[in-house]
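Novice: Dumping the structure here so I can ask a few things about it.
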Amino acid sequence: MSRDRILEAAVERIARDGIDGVRIARIAMDAGVSTALVHYHFATREALLAEALEYSFELAGATRTMDTGDGPAVQRLRTMIEQCLPLPGVQERDWVLWVELWLRAVRHPELRPTAARLYARMHDWFVEAIEAGDFGPCDADRVADGTLALLDGLGLRALLGDPEMPIERAREHVWDALARELGLAGAASAPSCSPSGSPR
C-alpha cells in the first residue's frame, strides 16, 4: 500500500535527518512514489510527523504485545522497561522520532493531541500490567506516570550519550524506583504500594 510505504520512508528519513531536514521529494523517492502522492496524503510537515509517529508506535506496539506476553508480572514489567529505553536499532530510532515530536509540539500546538494520545496509550499499558500483577493497594495511575517520567528523563540522557547515564544505569534507576513503588523484596526504601495482604 503506497501510504504505508510513504510512512516507512518518512520514519527512516525523519529519524535520520530531522523533520526540518526532510525533503518530500526524498521521501517520495525512498518510497517509490510521486511527490504529488506524498503531498496528497500529508498536507504539512506536522501532519507527516504525526502520522509517522502513529505508524511507528503501532509497529512497536505489536512487538511489545508479543514480547511481554502473559508471564510473571515482575518479568513482564522488566521487559516493558527494556522496551521503552533507547536501545541501539529500532528503539533508538523511535526515540529520535519522539524527540522530534517534543520539539515540534512546543511550537505547533496541533501536534500536542498526538503526543497526549500516544502517552495515554503508554500509560494504560503500564497501568494494565501493574494491576494485573496484584501487587496490592496502590495508585496504578500515579505509578505509571512516575515510571514514564523516569523513562523519558533518563532515556533522553542515555540517548544523548551522557557518560553518567548509560542505558544500563537508566534501566537500573527506573526499575529500582518501580520496585520501591510496588513493594518488591529488596527495594531500598519504603514502598508506596503494599504487597497483597500487607498493611500500608
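Novice: Got a sec to turn the phi values of the range 16-32 into Karplus ³J(HN,Hα) couplings, 6.51 cos²θ - 1.76 cosθ + 1.60 with θ = phi - 60°, whole Hz, x for Gly and Pro?
Specialist: Those phi angles translate into 7, 10, x, 4, 6, x, 6, 10, 4, 4, 5, 4, 4, 5, 4, 7, x Hz.
Novice: Using the Kirkwood radius over C-alpha pairs as Rh, can you work out the diffusion coefficient of the chain via Stokes-Einstein at 10 °C, viscosity 1.306 mPa s, in µm² per second?
Specialist: Working: Rh = 18.2 Å.
Rounded, D is 87 µm²/s.
Novice: While we're here: Can you sort 138, 84 by how many other beta carbons sit within 10 Å, fewest first?
Specialist: Details: 138 19, 84 25.
Fewest-to-most ranking of 138, 84: 138, 84.
Novice: If you don't mind, another one. Please list, in chain and number order, the residues 5+ apart from residue 136 or on another chain whose amide H is under 5 Å from its amide H, with Hs placed from the backbone.
Specialist: Here the answer is 196, since their amide H atoms fall under 5 Å of that of residue 136.
Novice: Taking H placed 1.01 Å from N in the peptide plane, check which residues at least 5 places from residue 87 or on another chain put their amide H under 5 Å from its amide H.
Specialist: It is 92, by chain and number.
Novice: Another question, if that's okay. Against the 2.2 N^0.38 Å scaling, with N counting residues, where does the range 1-43 land? I'd like the Cα-based Rg ratio to two decimal places. Please report the intermediate quantities before stating the final value.
Specialist: Details: Rg = 9.1 Å, N = 43, 2.2 N^0.38 = 9.2 Å.
Dividing the Cα Rg of the range 1-43 by 2.2 N^0.38 Å gives 0.99.
Novice: Of 89, 119, 108, which is farthest on the positive side of the dipole of the chain, counting Cα position, with +1 on Lys and Arg Cβ, -1 on Asp and Glu Cβ, and the Cα centre as origin?
Specialist: Value: 108.
Novice: Tell me, 159, 49, 59 in order of fewest to most beta-carbon neighbours within 10 Å?
Specialist: On the way: 159 19, 49 24, 59 15.
Fewest-to-most ranking of 159, 49, 59: 59, 159, 49.
Novice: Now for a different question. I need the shape label for the range 75-122. Rule: rounded when a/c is under 1.5, else prolate if a/b > b/c, else oblate, with a, b, c from the alpha carbon gyration tensor. Before the final figure, lay out the partial values.
Specialist: On the way: a/c = 4.15, a/b = 1.71, b/c = 2.43.
Oblate.
Every number here is computed from the coordinates shown, using simple stated rules; none is lab data. This one's a predicted model, so the numbers in the text were calculated from it and none came from an experiment. Here Cβ is always computed from backbone atoms with ideal geometry, including for glycine, and neighbour counts include all displayed protein chains.
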